Amino acid sequence: MNAQFIAPFTANAKNVNQWVAAGNSLWYQDKGFDITSGSQWQRIYTLAASNETFTAVSFSGNTVLATWCGPCSNSTSATFTRGAVLGKRAADGTWTFTPVVAPTDASVPNRFLQGAAVSPTNENDLFVVVNGFSRRFSEGPGAGLGHVYESKDAGAHWTDISANLPDIPSSDIVVLNSGGLVVATDLGVVYRAPGATSWTRLGPNLPVTAAMDLSLGPDGNLYVATHGRGLWRIAAAGL
């Protein structure tokens, strides 16, 4: 499968019986927790090269947004590249995928794309989160830019919405039903209120540590997994 150390996988935000998992390919199943065999996974998309692998995946409604890299590190024998694809599922169950961040696209930094999100209210409203530091030693097109990018036209154009976000690696993003945004960073979790343009620290008790993963739970809480400081939650209502 040629997956990342932790292979990205997720349920459809609007249908918990539909799942996508990712390695060098994207795999789909609609059996939910009743799946009984690996053969029930369907390969729906494969990256062009064997050294390319998906880094994040988001699934909402009939839309999948998946980011990738390959090779995934700079070395004397290989040059880092990254990108993203957008998948649409038709009524007959067939999938169509379109590149939305090309390897040479300078509108998004040429750094590791760690997070992806599809808005729950508009499947053409997309977000990617960029890891790494935007310092001069970052190589390639787009180095020196921000960490959170939005496309309101299904990936045709991307805009840096990092604003006052510090220059810190960012790892995940959640789009709330209200339109608010929550981003996991190396200094905790930040929040942008609906209609706002600036970011604030979310919650008073979370340790100042690397936040690695964000998930909205069915219980109305937002959960964050940290590096070495456990799992934390906060009520998503009102955000």
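The values are calculated or read from the model by the stated rules, or taken from the named source; none is laboratory data. Note that the coordinates shown come from a computational prediction; the quantities given were computed from them, not determined experimentally. Cβ sites come from the backbone with ideal geometry, for glycine too, and all protein chains shown count toward neighbours.
Being out of contact with any helix residue (DSSP H, G or I) (no Cβ under 6 Å at 6 or more places or on another chain) and either free of Cβ contacts under 8 Å to residues at least 12 places away in the same chain or assigned by TED's automatic domain parsing to the domain that holds Arg111 (or both) holds for only one residue in Ala237, Ala210, Ala184, Ala196, and it is Ala196. Of the strands (runs of 3 or more DSSP E) lying entirely inside segment 169-239, not one contains at least 3 residues that are on the phi > 0 side of the Ramachandran plot, touching a Phe, Trp or Tyr at 6+ places or on another chain (Cβ under 7 Å) and surrounded by fewer than 15 Cβ atoms within 10 Å (Cβ to Cβ).
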